[in-house]
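Trainee: Have a look at this one.
The values are calculated or read from the model by the stated rules, or taken from the named source; none is laboratory data. Everything numeric in this text was worked out from a predicted model, so none of it was measured. Cβ placement follows ideal geometry from the backbone for every residue including glycine, while neighbour counts extend to all protein chains displayed.
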Amino acid sequence: MQLIALRVEAETTDESGTRLWNQGVLGSPLAVALGPLEVTLALSESGAQWSVANHSDRSLRVRSVALVYRLVEAAAPVRIFCNGYQSWSPSAGAVLGVDTDPSERANLPFLQAVHHADQRQARPGELRAEWVTVLDDAGSAPAVLLGFDGGDRHDGTLRLGVDELSDGREIVVRAEAFLGDAEMSPGTHRPLHSVVIEQHEGKDASDLLEAWAAKVGSDGGARVGSQFQVGWCSWYQYFHAVTEGDIRSNLARADEWPFDVFQIDDGYQAAIGDWQETNTRFPSDLAGLADAIRGSGRTPGLWLAPFLAAPDSEVARNHPDWIARHQVDGVDAGPLRTWWNPPWGGGEDGFMYGLDTTHPEVQDHLEHLAAAVVDAGFPYLKLDFTFSPSVDGAYADPSRTPAERVRAGFAAIRRGAGEDAFLLGCGVPLANVVGLVDANRIGPDVAPLWDLDPSDEVVPGYLGTQPATSHAFTNTLSRSFMHRRLWLNDPDCVMLRAEDTALSTEQARTWARAVGVSGGMVLVSDDLDLLDGEAKALLDEVIATGRGSDDSARSGRGARCPDLMERAGPQTLESAGGSVTTTTGIDHALKSL
Ligand code: 9PG
């Protein structure tokens, strides 16, 4: 199995709004003219360095530039590790010709925008991975890693499919630099993230991903030095209805528990977007809440969805020009809606607006907001729904890619919060934030149940993104290679309670063990009143295993997943601290791949 560079492709839109697809055969010298664009490449066995220039006398919007490889000597079945786009996107193996991209069934760009770099549907039969992938086949050749060497300038999508230009006889892999319609003015030039290819005798998928993550992390100044995190989070017991009473009653019991962090989740804020004011369920202000937590000897943590604004929030009403715009065929169609969540209210049936993170005033606002909440006493921030600026729309600076828009928002928050704050990304396009966050959620939400039924699917194709503990389990295993190489992994909360739950004792233990073996953050999210000595003993075990695994991860020998490429999702995770294999049956991963 081998990759051979075949051609380059680009998708652009000109000033009249006409979309152009151009293809160019690779020749020598390696400067390929694609209509008004020119792509310059330096190819080698280990990948490609490349850049794109606008050689025309007009501005262009560049959607994507792709280097297309032919996959030769591949014996079916060909498998691909589908790394998802953001925290909640399912990540597991899939088989070409058998599995399908979720967008094929969905055709709901609103959700596709959340779970893929390019919110449009995939080609029929095409499987895609984001930022990095591994391919293997039934033959004896070693697995191949194909990825990008970074993700801060643009996203990178790897697309595996059959070639339309060869009557479906050839398998091709596109390494696509996704610029998301970023504008290039005449004469401008953009360096692209290099394409990386690795294939070595005796190296399996996990070996390749570990080495890739270590390199990308060190090149990107990854923040990987924070201490092992143990904490409590209000979400998975109280959800939106959380009250100050709930926070204080759990805080009163927390002395019996080994929490360093005590984090207030969604539900305290006056409105989505108005983070500095509490609502009527919270008589205290932010400083008062932080004081109470700090007084108990713990680090106060706070949840924010910093790039969203409810239509009726102060921020949206006072600054309508801070909201990105929705466009239909180049015509303005109102404020850009980037999420929908009816419990948040907001005045437009639960639709939320997306802040324009390329607008200098929004960047100032985010910087001041972060400084203010840290000043109020919260040095630990969970930054959620942060995919928002990646959604297609009209932004103040049209030259910025979706990746740059996401990163600009995080950079503003880091500036305001300061170097010492602990920033946890959630719902975050993972590739875009290396070096800015200390930790990232790497899987979907847990829930007090193990698996969902296909009839629970809200959007066709995307069941795997919905809250379920087995969904979090899959990503905790398949993304274990990221931990302490790119950031600290947050697998999501352990589920300790024995009442108010549909998890069996065995399922809850399997999940808790996975969190421990992963070496990632250990967060509890139960009403502490519901927990007994057994729950405490299980948490102690998780923390002991976790510390052991995390210590090894610090020296580059973290948890690894030997069955990463399995279609049904990986089932085994091993680390210095122990191992976990599911016995509870996982058959869900491919529901959404
Ligand atoms: C607060 C929650 C918690 C949780 C986050 C995030 O796809 N969805 O509809 C979807 C909704 C909510 C969600 C994840 C996905 O949860 O992961 O820990 O903070 O927000 O609202």
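Trainee: Take the conditions part of a helix (DSSP H, G or I) and either away from the ligand (no atom under 16 Å from the Cβ) or acidic (Asp, Glu) (or both) and apply them to residue 321. Does it pass?
Mentor: So residue 321 passes the test.
Trainee: Can you tell me how many residues in the stretch 270-290 are free of Cβ contacts under 8 Å to residues at least 12 places away in the same chain and closer than 21 Å to residue 523 by Cβ?
Mentor: Of the residues in the stretch 270-290, 0 are free of Cβ contacts under 8 Å to residues at least 12 places away in the same chain and closer than 21 Å to residue 523 by Cβ.
Trainee: Just wondering, is there one or more residues in the stretch 183-198 that are surrounded by fewer than 18 Cβ atoms within 10 Å (Cβ to Cβ), of a type in the set (D, E, K, R), closer than 24 Å to residue 485 by Cβ and modelled with pLDDT of 95 or more?
Mentor: Looking through the stretch 183-198, none of the residues is surrounded by fewer than 18 Cβ atoms within 10 Å (Cβ to Cβ), of a type in the set (D, E, K, R), closer than 24 Å to residue 485 by Cβ and modelled with pLDDT of 95 or more.
Trainee: While we're here: What tally of residues in the stretch 1-23 results from selecting those that are under 30 Å from residue 76 (Cβ atoms) and in contact with a strand residue (DSSP E or B) (Cβ under 6 Å, 6 or more places away or on another chain)? Steps first, please.
Mentor: Our first condition is that a residue be under 30 Å from residue 76 (Cβ atoms); within the stretch 1-23, this holds for 1-9, 11, 21, 23.
With the extra rule that they be in contact with a strand residue (DSSP E or B) (Cβ under 6 Å, 6 or more places away or on another chain), the set shrinks to 2-9, 11, 21, 23.
Looking only at that region, the number is 11.
Trainee: Answer yes or no as to whether residue 214 is small (Gly, Ala, Ser), within 16 Å of the ligand (Cβ to nearest atom) and out of contact with any Asp or Glu (no Cβ under 8 Å at 6 or more places or on another chain).
Mentor: Judged against the criteria, residue 214 is not a match.
Trainee: Select from the stretch 121-155 the residues that are charged (D, E, K, R) and assigned to a strand (DSSP E or B) and write down the one among them that is surrounded by the fewest Cβ atoms within 10 Å (Cβ to Cβ).
Mentor: The qualifying residue surrounded by the fewest Cβ atoms within 10 Å (Cβ to Cβ) is 136.
Trainee: Here is a follow-up. Please state which one of 306, 360 is under 28 Å from residue 290 (Cα atoms), out of contact with any Phe, Trp or Tyr (no Cβ under 6 Å at 6 or more places or on another chain) and modelled with pLDDT of 95 or more.
Mentor: Answer to the check: 306.
Trainee: Looking only at the stretch 439-460, how many residues end up being in a loop (DSSP other than H, G, I, E, B) and within 18 Å of the chain's Cα centre (by Cα)? Before you say what the answer is, go through the steps one by one.
Mentor: Filtering the stretch 439-460 down to residues in a loop (DSSP other than H, G, I, E, B) leaves 442-453, 457-460.
Add one more test, that the residue is within 18 Å of the chain's Cα centre (by Cα), and what stays is 442-446.
Number of matching residues: 5.
Trainee: Right, residue 455: away from the ligand (no atom under 14 Å from the Cβ), surrounded by fewer than 23 Cβ atoms within 10 Å (Cβ to Cβ) and not charged (D, E, K, R) or not?
Mentor: Considered against the rule, which asks whether it is away from the ligand (no atom under 14 Å from the Cβ), surrounded by fewer than 23 Cβ atoms within 10 Å (Cβ to Cβ) and not charged (D, E, K, R), residue 455 comes out as yes.
Trainee: Follow-up question, since we're still on this one. Look through the stretch 524-564, keep the residues that are among the basic types (Lys, Arg) and touching a residue at least 60 places away in the same chain (Cβ under 8 Å), and return whichever of them is farthest from residue 226 (Cα to Cα).
Mentor: 536
Trainee: Now for a different question. Is it the case that the stretch 90-97 has a residue that's at pLDDT 95 or above and over 28 Å from the mean Cα position of the chain (by Cα)?
Mentor: no
Trainee: Continuing with this model, one more query. I'd like to verify a number: residues in the stretch 375-409 that are in a helix (DSSP H, G or I) and surrounded by 21 or more Cβ atoms within 10 Å (Cβ to Cβ), how many?
Mentor: 11
Trainee: What number of residues within the stretch 370-409 satisfy the criterion of being within 28 Å of residue 193 (Cα to Cα) and either more than 16 Å from the ligand (Cβ to nearest atom) or free of Cβ contacts under 8 Å to residues at least 40 places away in the same chain (or both)?
Mentor: 19
Trainee: Given the criteria within 16 Å of the ligand (Cβ to nearest atom) and either out of contact with any helix residue (DSSP H, G or I) (no Cβ under 6 Å at 6 or more places or on another chain) or in contact (Cβ under 8 Å) with a residue 24 or more places away in the chain (or both), does residue 296 qualify?
Mentor: Details: within 16 Å of the ligand (Cβ to nearest atom): no; either out of contact with any helix residue (DSSP H, G or I) (no Cβ under 6 Å at 6 or more places or on another chain) or in contact (Cβ under 8 Å) with a residue 24 or more places away in the chain (or both): yes.
So residue 296 fails the test.
Trainee: Take the residues of the stretch 410-435 that are more than 15 Å from the chain's Cα centre (by Cα) and part of a helix (DSSP H, G or I): which is nearest to the ligand (Cβ to nearest atom)?
Mentor: Per the stated criteria, the residue is 413.
Trainee: Also, quick follow-up: Can you confirm whether the stretch 338-355 contains a residue that is touching a strand residue (DSSP E or B) at 6+ places or on another chain (Cβ under 9 Å), of a type in the set (S, T, N, Q), buried (at least 20 other Cβ atoms within 10 Å of the Cβ) and assigned to a loop (DSSP other than H, G, I, E, B)?
Mentor: No; the residues of the stretch 338-355 include none that is touching a strand residue (DSSP E or B) at 6+ places or on another chain (Cβ under 9 Å), of a type in the set (S, T, N, Q), buried (at least 20 other Cβ atoms within 10 Å of the Cβ) and assigned to a loop (DSSP other than H, G, I, E, B).
Trainee: Quick one: what pairs do we get from the stretch 100-123, first residue within 18 Å of residue 81 (Cβ to Cβ), second of a type in the set (Asp, Glu) and part of a helix (DSSP H, G or I), C-beta under 7 Å, 6+ apart or different chains?
Mentor: 122/104
Trainee: Among strands (runs of 3 or more DSSP E) lying entirely in the stretch 12-118, which contain 3 or more residues that are crowded, with 16+ Cβ neighbours inside 10 Å and not assigned by TED's automatic domain parsing to the domain that holds residue 197?
Mentor: 79-82, 92-95
Trainee: Would you say residue 228 is crowded, with 18+ Cβ neighbours inside 10 Å and farther than 30 Å from residue 301 by Cβ?
Mentor: Spelling it out, it is not the case that residue 228 is crowded, with 18+ Cβ neighbours inside 10 Å and farther than 30 Å from residue 301 by Cβ.
Trainee: Within the stretch 552-591, which residues are at pLDDT below 95 and at positive phi?
Mentor: Listed by number, the residues that qualify are 569, 578, 585.
Trainee: Out of all the residues in the stretch 330-355, which are within 23 Å of the chain's Cα centre (by Cα) and aliphatic (A, V, I, L, M)?
Mentor: 336, 352, 355
Trainee: On to the next question. Scan the strands (runs of 3 or more DSSP E) fully inside the stretch 187-296 and keep the ones with 2 or more residues being within 22 Å of the chain's Cα centre (by Cα).
Mentor: Where strands (runs of 3 or more DSSP E) fall fully within the stretch 187-296 and carry at least 2 residues being within 22 Å of the chain's Cα centre (by Cα), they are 195-198, 230-233, 261-264.
Trainee: Follow-up. Based on what the data block shows, is residue 549 away from the ligand (no atom under 16 Å from the Cβ), of a type in the set (Ser, Thr, Tyr), surrounded by fewer than 24 Cβ atoms within 10 Å (Cβ to Cβ) and modelled with pLDDT of 95 or more?
Mentor: The answer is no for residue 549.
Trainee: Considering only the stretch 239-266, state which residues are buried (at least 22 other Cβ atoms within 10 Å of the Cβ), more than 24 Å from residue 549 (Cα to Cα) and free of Cβ contacts under 8 Å to residues at least 40 places away in the same chain.
Mentor: 264
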